[in-house]
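The values are calculated or read from the model by the stated rules, or taken from the named source; none is laboratory data. Quick caveat: nothing in here was measured; it's all calculated off a predicted structure. Here the Cβ positions follow ideal geometry from the backbone for every residue, glycine too, while neighbour counts run over all protein chains shown.
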Amino acid sequence: MAEVIAINQLSKVYDNGFEALNNASLSINEGEIFALLGPNGAGKTTLISLICGLLKISSGTVTVAGFDNQLDFRQARQLIGLVPQELTTDMFISVYDAVSFSRGLFGLKANPEKIESILKSLSLWDKKDSKIMTLSGGMKRRVMIAKALSHEPQILFLDEPTAGVDVELRKSMWAHIHALRKSGVTIILTTHYIEEAEEMADRIGIINKGQLTVVEKKETLIQKLGKKQLIVTLSSPLKSLPDALHTFDLQHEQDTLTYNYNFRTENTRVSELIATLNKEGIQYSDLMTRKSSLEEIFVELLNKS
C-alpha cells in the first residue's frame, strides 16, 4: 500500500519546557485503519494536532500525501478531516447549515447532494433542520463527523470518536467507519476503548509519556505478546493441589484450574499437564483455551514502558 502520512523524528516541547512528544516516527498507509492507544496525557492528541498542523512542530517533519504540513499547509490540510474530542461547533445553527458551512471553509462549491448523502449515511437526515443544541450527545458526535467529511477528505482523524456514546451507537459508528475505509478513506483514531481498536484497526500504535513505543499489525501484536490459558473445569471441587502439579503455573479456584503458558514456545507442557491430571486421578468435565485480549497486552506493555 502507498504511504499517505510520513512522520519523521517528530517532537513537541511547550514554552514551559514540557515535552509532550519525543522523537516519534511513523508511516501510515493509504486506506488503512490505524488506532493510537495510550493513557490520558500520553501524547495522542498532541500527535494528531501536529499532523493536522494545529500545533507548531518543535523538531521533525510531517508529510501528507507528499505535502510538508508546515511548508504546504493548505494542500496538506485540504486532504484531512478532523473530528476532535471536544464538541467545537456553533450550537445555535441547524445540522445542515453547520455541515454546509464546513464544506465552504475549504473553498468548495455548495453540493446539496453530497451533504444529503453524508447526513443520511450518519442517520442525521431527519435532524437536518434541528439546531445542534437540541441533539443528544451521540447525535452531536455524528454531526462532528459529518462536518469533518463535508470537504471529502482522503484522511480522517477521529480523536476519541465514541467517547460518551452508548454501546449501540458505538457499534453503529464502527460500521460507518468500516464503510468509509471501503470507500478509500484512511482512518486514524485514538481511543480509550480497547475493544474499539480490536474491532476496527489494521495496525495499532501505543504511545506513553510522549513516546511511540510500539507500532504493529493487530494480529502480530497479539501473536508476539499474547499468552494462552488452558482452563480445566473439574468434575468435583479440589481442596488442594497435589505436589505433582506445583511445577505448573496454575491458578486454582475450587472446581477450576487455569494454566498460563506461552504458546510461542516449543514445549507448552499442555500434554504433560493433562497426563499429570490423569495420573493423579483428577477428573475433569471440560477443557477450554483462550488467548490474551488486546486489553491485557496493552496493560502489559504500559507496565514495561
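Which ones in the stretch 265-289 are closer than 14 Å to Ile231 by Cβ and without any contact (Cβ under 8 Å) to a residue 40 or more places away in the chain?
If the condition is that a residue be closer than 14 Å to Ile231 by Cβ and without any contact (Cβ under 8 Å) to a residue 40 or more places away in the chain, then Ile274 is the only one that fits.
Are any of the residues in the stretch 276-299 crowded, with 16+ Cβ neighbours inside 10 Å, in a loop (DSSP other than H, G, I, E, B) and modelled with pLDDT under 85?
Within the stretch 276-299, one or more residues are crowded, with 16+ Cβ neighbours inside 10 Å, in a loop (DSSP other than H, G, I, E, B) and modelled with pLDDT under 85.
Condition (residue is closer than 30 Å to Glu86 by Cβ, part of a loop (DSSP other than H, G, I, E, B) and either of a type in the set (Gly, Ala, Ser) or in the same structural domain as Val64 (by TED's automatic domain parsing) (or both)) applied to the stretch 232-254: is it met by at least one residue?
no
Report every pair of residues separated by at least 6 positions or lying on different chains whose Cβ atoms are under 7 Å apart, first residue within the stretch 7-33 and polar (S, T, N, Q), second outside any strand (DSSP E or B).
Pairs found: Ser11/Ser58; Asn22/Gly210; Asn29/Met1; Asn29/Ala2.
Looking only at residues that are among the acidic types (Asp, Glu) and at pLDDT below 85 in the stretch 150-204, which one is nearest to Gly41 (Cα to Cα)?
Glu160
Go through the stretch 133-181 and give me each residue that's in a loop (DSSP other than H, G, I, E, B) and more than 19 Å from Ile93 (Cβ to Cβ).
Glu152, Pro153, Gln154, Glu160, Pro161, Thr162, Ala163, Gly164, Val165, Asp166 - these are the residues of the stretch 133-181 that are in a loop (DSSP other than H, G, I, E, B) and more than 19 Å from Ile93 (Cβ to Cβ).
Collect the residues in the stretch 168-215 that are among the aliphatic types (A, V, I, L, M) and under 17 Å from Leu21 (Cα atoms), keeping them in residue-number order.
Correct list: Ile206, Ile207, Leu212, Val214, Val215.
Does Phe263 qualify as being under 16 Å from Lys291 (Cα atoms), assigned to a loop (DSSP other than H, G, I, E, B) and either out of contact with any Asp or Glu (no Cβ under 9 Å at 6 or more places or on another chain) or modelled with pLDDT of 90 or more (or both)?
Yes: the conditions hold for Phe263.
Determine, yes or no, whether Lys304 is of a type outside the set (A, V, I, L, M) and either under 20 Å from the mean Cα position of the chain (by Cα) or modelled with pLDDT under 75 (or both).
yes
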